[in-house]
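Below: one structure, written as structure tokens.
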Amino acid sequence: MPRTLSVLGAGSWGTALAIQAARNGCQTMLWGHNPQQANLLQQTRENARYLPGIKLPDNLTVSGNLQECLNFSTLLLVSVPSHAFKTTLENIKPFLSPSSRIAWATKGFDSHNGALLSSVAASVLGNQALTAVLSGPTFAREVADGLPTAITVASTSNQFATEVASILHNQCFRAYTSNDIIGVQVGGACKNVLAIAAGIADGLGFGANTRAALITRGLTEIMRLGARLGGHPDTFMGLAGLGDLILTCTDNQSRNRRFGLALGQGKSKDAALAEIAQSVEGISAAREAYLLAQKHHVEMPITEQVYQVLFNNLAPRQAVHNLLAREQKPETQPLIASHA
Ligand SMILES: NC(=O)C1=CN([C@@H]2O[C@H](COP(=O)(O)OP(=O)(O)OC[C@H]3O[C@@H](n4cnc5c(N)ncnc54)[C@H](OP(=O)(O)O)[C@@H]3O)[C@@H](O)[C@H]2O)C=CC1
Ligand SMILES: O=C(CO)COP(=O)(O)O
């Protein structure tokens, strides 16, 4: 029997993942929330807005009808932006069957309460459906271009992680498995905030030393928050941690980095967003990570300065000054600080 997959979310990443699965021999349906756009993709066999020039494989169908997508496959891969994650799960819930399995490739926190998306999934769907999360250093365009890429699929079920990985895995796409769904999600959500920081630094004209310092101290912040929330330290040194952090902090394909660059060059938040015209997940992640850090007494100074720039109109140059003016201290400290 041919394998089937429904991908929900027809932006750059959902389209690239659907193409990858279809090229791998999986009968795939891609759902877009705008029926006219979905029809256009189905007819033209191209997502001209998000992945121009990439032909959709013949075994990939595009639909604007959510129920049709859920009838097509019991294996679902959600790839909508984080602000739409909860609503998308609520909308699919009535159509789920006992055999439904749900993975997501969304990177971020719940934009209302900072919850990890696994908690959102559990609260909307209960603990019945098998779930998994995909994350790693994966620009959609490069996946669609067939360039070698590696990703992590995390689930509490090894069997489900392996099933999702095998749908995507081939000679130019290595899909590893993990059981650390917390660490993988924290890595994917927080690296976007650090990519904004790296962009700001480069936009202000700082150099390679600054960028490397931000990446390594940023990794420390991710590890502190991730460990506090229950993630495994090894995960942060892997694809969903350091791998994605390096990718998005150093390459201008990253929308978060480009957003930071524009801010550092003096553009307003709105002007920078309008220029990018795609998801910039690091904005809401900065707020949610900052609030989580406060709540859990985790030190995240770079994240805090990005938050102040984005939500309290702090000048980017002042944010850098605030970071550099911090007290001298040892480089390494226990990941989870004691508050006795
Ligand atoms: N692009 C990438 O390289 C990667 C992205 N990701 C993650 O994947 C997620 C999706 O990002 P990405 O595809 O890049 O984003 P894009 O900005 O490329 O596309 C966003 C898509 O979501 C659609 N959308 C907007 N609002 C809703 C909604 N309420 N319900 C359903 N769909 C909606 C948009 O539709 P419309 O066009 O109508 O606005 C568009 O199709 C993010 O969390 C991102 O961090 C992860 C790895 C790589
Ligand atoms: O998550 C990504 C690559 O792994 C995409 O990064 P941006 O959202 O910054 O473009």
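The values are calculated or read from the model by the stated rules, or taken from the named source; none is laboratory data. What you see is a predicted model, and the numbers here were worked out from it, not measured in a lab. Methodologically, a virtual Cβ is constructed for each residue, glycine included, from the backbone with ideal geometry; neighbour enumeration extends over all protein chains shown.
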Here are ALA150, ALA103: which of them is surrounded by fewer than 17 Cβ atoms within 10 Å (Cβ to Cβ), touching a helix residue (DSSP H, G or I) at 6+ places or on another chain (Cβ under 8 Å) and part of a strand (DSSP E or B)?
-> ALA150
Just a yes or no: is a residue in segment 243-253 over 26 Å from HIS297 (Cα atoms), touching a Leu at 6+ places or on another chain (Cβ under 7 Å), within 14 Å of ligand 2 (Cβ to nearest atom) and modelled with pLDDT of 95 or more?
-> no
Picked from segment 179-198 (must be away from ligand 1 (no atom under 16 Å from the Cβ) and either at pLDDT below 95 or over 15 Å from ALA286 (Cβ atoms) (or both)), the residue surrounded by the most Cβ atoms within 10 Å (Cβ to Cβ) is GLY183
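Quick grid of which residues meet (1) within 16 Å of ligand 2 (Cβ to nearest atom); (2) over 15 Å from LYS191 (Cβ atoms); (3) in a helix (DSSP H, G or I):
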| residue | (1), (2), (3) |
| --- | --- |
| PHE259 | yes, no, yes |
| LEU263 | yes, yes, yes |
| LYS267 | no, yes, no |
| ALA272 | yes, yes, yes |
| GLU275 | yes, yes, yes |
| SER279 | yes, no, no |
| ALA286 | yes, no, yes |
| LYS295 | no, yes, yes |
Those residues of segment 44-67 which are of a type outside the set (Lys, Arg), out of contact with any strand residue (DSSP E or B) (no Cβ under 9 Å at 6 or more places or on another chain) and more than 14 Å from GLN20 (Cα to Cα), in sequence order = THR44, ALA48, TYR50, GLN67
Some residue of segment 302-320 being within 24 Å of THR106 (Cα to Cα) and either under 17 Å from the mean Cα position of the chain (by Cα) or basic (Lys, Arg) (or both) = yes
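Yes or no: LEU76 part of a helix (DSSP H, G or I), more than 16 Å from ligand 2 (Cβ to nearest atom) and not polar (S, T, N, Q)?
Taking the combined requirement at face value, the residue does not satisfy it.
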Taking segment 297-340 as the region of interest, how many residues are assigned to a loop (DSSP other than H, G, I, E, B) and under 16 Å from ARG257 (Cα atoms)?
-> 0
Those residues of segment 41-66 which are within 13 Å of ligand 1 (Cβ to nearest atom) and among the charged types (D, E, K, R), in sequence order = ARG49
If you take the residues in segment 67-84 that are more than 15 Å from ligand 1 (Cβ to nearest atom) and touching a Lys or Arg at 6+ places or on another chain (Cβ under 9 Å), which one is nearest to GLY136 (Cα to Cα)?
-> LEU75
Hits in segment 252-279 (condition: touching a residue at least 60 places away in the same chain (Cβ under 8 Å), farther than 21 Å from ARG217 by Cα and within 12 Å of ligand 1 (Cβ to nearest atom)) | GLN253, GLN278, SER279
Please state which one of SER111, SER157, SER118 is over 29 Å from LEU51 (Cα atoms), more than 14 Å from ligand 2 (Cβ to nearest atom) and either small (Gly, Ala, Ser) or in contact with a His (Cβ under 6 Å, 6 or more places away or on another chain) (or both).
-> SER157
Would you tally the residues in segment 121-141 being within 16 Å of ligand 2 (Cβ to nearest atom) and at positive phi?
-> 1
How many of the residues in segment 1-40 are in contact (Cβ under 8 Å) with a residue 12 or more places away in the chain, on the phi < 0 side of the Ramachandran plot, out of contact with any helix residue (DSSP H, G or I) (no Cβ under 7 Å at 6 or more places or on another chain) and more than 10 Å from ligand 1 (Cβ to nearest atom)?
-> 7
